[in-house]
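The values are calculated or read from the model by the stated rules, or taken from the named source; none is laboratory data. Model, not experiment: these values are computed from the prediction. We place every Cβ from the backbone using ideal geometry, glycine too, and count neighbours over all the protein chains shown.
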Amino acid sequence: MWIRSTMAYRTSFALTVLGNFLVTGLDFVAIMIMFWHTDVLGGFAVAEVALLYGTASASLGLADLTMGSASRLGRRVRDGTLDTLLVRPVPVIAQVAADRFALRRLGRVSQALLVLVWALSSLEVAWTPVKALLLPVTVLSGAAIFGALMVAGAGFQFLAQDAAEVQNSFTYGGNTMLQYPPTIFAKDLVRGVTFIVPLAFVNWLPALRILDRQDPLGLPGWLDFAGPVVAVGCCFLAGLAWRAGLRSYRSTGS
């Protein structure tokens, strides 16, 4: 329904996609401005940072396209309109994901993929079948991890109600961090986003494998391929958080 509504005004849709494309591209413009003043950032050249940017942003874009509407759950909890979702013979999480589905978010995805294509064409990577497969798996696993964080954040909103910005700090904030090399951050922070909130598996660890670079934490090499397993684990935990939040829902009480 939301897609049909959006496509009813195709010029407006094209302009909103273009606007989304340009606004999200400002992050990469900021990175390019940095490289006008330096040749390397944390030991990474511009094309290598572009690879980090493209993979992280593409993953977030896919997650935002499918689960971005979950950030509005707190509003439904506050005004009681979540009740209308509970009486329909469709899983509530599916309805939350489809609520006001914003196809304009394709602008972020397409912009990230363009940067990723440019990065791959500029890099001199010793490609192997494993690396070639690792790249799309990285983007899809990263999307699943970001999506799991969105679902877990939605589950938390049953309790906090106004916690959308807490969720955004891990998703959009995490995306901004992952656009830069892990070597510019303190090792304690890198450990935190590896073992506590596993954002490093979105792109840092697999990208280091693709670029043949050393892990700053000196972790075992097999962890570079653990993105899909971490994504499944995150989705499982997010599902538990969602179910716990949904079961605690008691409407507005009015």
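The one condition from (1) among the hydrophobic types (A, V, I, L, M, F, W, C); (2) surrounded by fewer than 20 Cβ atoms within 10 Å (Cβ to Cβ); (3) within 16 Å of N20 (Cα to Cα) that V87 does not meet is (3).
Quick one: is L18 at pLDDT 90 or above and either part of a helix (DSSP H, G or I) or within 17 Å of L246 (Cα to Cα) (or both)? For L18, the condition - at pLDDT 90 or above and either part of a helix (DSSP H, G or I) or within 17 Å of L246 (Cα to Cα) (or both) - is met.
Quickly run through region 24-45 and pick out the residues that are in contact (Cβ under 8 Å) with a residue 24 or more places away in the chain and hydrophobic (A, V, I, L, M, F, W, C). F28, I31, L41, F44, listed by residue number. Evaluated against (1) modelled with pLDDT of 95 or more; (2) surrounded by 17 or more Cβ atoms within 10 Å (Cβ to Cβ); (3) within 23 Å of Y53 (Cβ to Cβ), D215 falls short on exactly one condition, (1). Residues that are free of Cβ contacts under 8 Å to residues at least 24 places away in the same chain and in a helix (DSSP H, G or I) were ranked within region 87-113; the one that is nearest to L149 (Cα to Cα) is A94. Can you find a residue that is out of contact with any Asp or Glu (no Cβ under 9 Å at 6 or more places or on another chain), without any contact (Cβ under 8 Å) to a residue 12 or more places away in the chain, assigned to a helix (DSSP H, G or I) and not hydroxyl-bearing (S, T, Y) anywhere in region 47-69? No, region 47-69 contains no residue that is out of contact with any Asp or Glu (no Cβ under 9 Å at 6 or more places or on another chain), without any contact (Cβ under 8 Å) to a residue 12 or more places away in the chain, assigned to a helix (DSSP H, G or I) and not hydroxyl-bearing (S, T, Y). The set of residues in region 208-254 being in contact with a Leu (Cβ under 8 Å, 6 or more places away or on another chain), part of a helix (DSSP H, G or I) and farther than 20 Å from G142 by Cβ consists of G245 alone.
Pairs are defined by a Cβ separation below 7 Å, a sequence spacing of at least 6 or placement on different chains, a first member in region 195-215 that is at positive phi, and a second member that is surrounded by fewer than 23 Cβ atoms within 10 Å (Cβ to Cβ) and in a loop (DSSP other than H, G, I, E, B); the pairs so defined are D212/A126. Here T84 fits the description: more than 22 Å from A144 (Cβ to Cβ), in contact with a helix residue (DSSP H, G or I) (Cβ under 9 Å, 6 or more places away or on another chain), assigned to a helix (DSSP H, G or I) and not aliphatic (A, V, I, L, M). With respect to (1) under 18 Å from F170 (Cα atoms); (2) out of contact with any strand residue (DSSP E or B) (no Cβ under 8 Å at 6 or more places or on another chain), the lone exception for L52 is condition (2).
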